[in-house]
Amino acid sequence: MTDAPILLFGVREKQWRAVAACVLLAAISAVVALFSDEQWVLRVVAAVFVAVFGTAAGVHLRRMSRSDRPYVIISDEGFTDNGPMGVGFVPWLEVTDLQWRQQRRANWVTGRVRDPAALDRERSSLAKVVARLERHGDFWISDQLVSMSAEQMLHHMLERWQRALG
């Protein structure tokens, strides 16, 4: 049986909250970098935070301008993660594990694949750095920007993954 793909688009309100949080954190970091009397190390770290959060805000704004592209697609062949830390298309036959995880007040679908290095071809430079630090999976999809909970996503993903494995 072939089911229609599930398309998960961004929710504008959630996207604007992410942009606002990034801008706020970049602004606070800029104030620390420019006006801190503390050691130069703190100023450098604050400047790095300005760059990271400023870039994240830009990524979110760019993503919002392309609202016709779903963040996540769950199909019978695999899933596609087009989110900010997305890995692109992953066939079900490459997936070795799927889990639900709650971390940092967010809910995630995480998992492992046979060849984690293959995921780096679709990742941004920032996502590659985060992937090196992440210990809970080769990919992670948050429900913070889409209209479906991580638990529901996991349910649909497990169903199609198990069907693909036979």
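When region 143-155 is filtered for residues that are outside any loop (DSSP other than H, G, I, E, B), under 11 Å from Val109 (Cα atoms) and of a type outside the set (Asp, Glu), the ones remaining, listed by number, are Ala150, Gln152, Met153, Leu154, His155.
Mind listing whichever residues of region 35-87 are surrounded by fewer than 13 Cβ atoms within 10 Å (Cβ to Cβ) and at pLDDT 85 or above? None; the set is empty.
Selection of region 67-81 for residues being in a loop (DSSP other than H, G, I, E, B) and closer than 19 Å to Glu151 by Cα yields Pro70, Tyr71, Ser75, Asp76.
Phe79 meets the conditions (1) touching a Cys at 6+ places or on another chain (Cβ under 9 Å); (2) aromatic (Phe, Trp, Tyr); (3) under 30 Å from Gly166 (Cβ atoms) in every case but one. The failed one is (1).
Of all residue pairs spaced 6 or more apart or on separate chains, those with beta-carbon atoms under 9 Å, a first member in region 24-50 that is in contact (Cβ under 8 Å) with a residue 12 or more places away in the chain and a second member that is of a type in the set (Lys, Arg) and part of a helix (DSSP H, G or I) are Val32/Arg43; Ala33/Arg43. For region 21-45, filtering for residues that are touching a helix residue (DSSP H, G or I) at 6+ places or on another chain (Cβ under 6 Å) and not small (Gly, Ala, Ser) leaves 5.
Scan region 88-107 for residues that are outside any helix (DSSP H, G or I) and at pLDDT 85 or above and the total you get is 13.
The values are calculated or read from the model by the stated rules, or taken from the named source; none is laboratory data. In this text the structure is predicted, and so the values were computed from the model without any measurement. With ideal geometry, Cβ positions are generated from the backbone for all residues, glycine too; neighbour counts draw on all protein chains shown.
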